Amino acid sequence: MWEGTAIAMRETSEGCVQFATRVLPMAERHLAAFARAVNELYGSEQARLAAEDWIEELELMDWPEEETASDWRRLTVAAAALLAKRVNLRSQGNDRMRA
C-alpha cells in the first residue's frame, strides 16, 4: 500500500515539475509584457498592482494539460479588468474632489 502511494506521489511531483518547467518561462514573458504596457500607460505604481493582480489570476486558473495562447489572454484580460476598475475608481474619486 505505501509503495503504491510513494510511486503516485513521485509521478505527481514529476508532473508538476514538468508543468512548471514548461509554463513558467511563458508566464514570465506574458507578465513582463503586461507590466511594461501598464507602466507606460499608468505608471509604476499601477504596474506593480497590476502585476500582483496578474499573479493572483494565474494562481486561480485551472490549467489544462496543454496551455494555449487563449489561456494567457484570458488571464491578462482578467488582470486588465481589475486594473480598469481600479483606475476608474481613482478617476471618479478625483472628479468628485474637483466638483
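Bear in mind these aren't lab numbers, they're just calculated from the coordinates by the rules spelled out. The model shown is predicted, which means the values in this text are computed figures rather than measured ones. For neighbour counting, all protein chains shown are included, and Cβ atoms are generated from backbone atoms with ideal geometry for every residue, glycine included.
Below, the figures for the structure above:
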item	result
Potential extension, Thr21-Asn39 segment - 0.36 nm per residue separation minus Cα distance	3.7 nm
Qualifying GluC sites (Glu not before Pro) for the range 27-74 [loop in DSSP, other Cβ within 10 Å: at most 15]	Glu65, Glu66
Whole-number D in µm² s⁻¹ for the range 26-98, Kirkwood Cα-pair radius fed into Stokes-Einstein, 20 °C, 1.002 mPa s	165 µm²/s
Note, ³J(HN,Hα) from phi for the range 46-56, Karplus 6.51, -1.76, 1.60, rounded to Hz, x at Gly and Pro	5, 5, 5, 5, 5, 5, 4, 4, 4, 5, 4
Potential extension, Ala32-Ala84 segment - 0.36 nm per residue separation minus Cα distance	16.9 nm
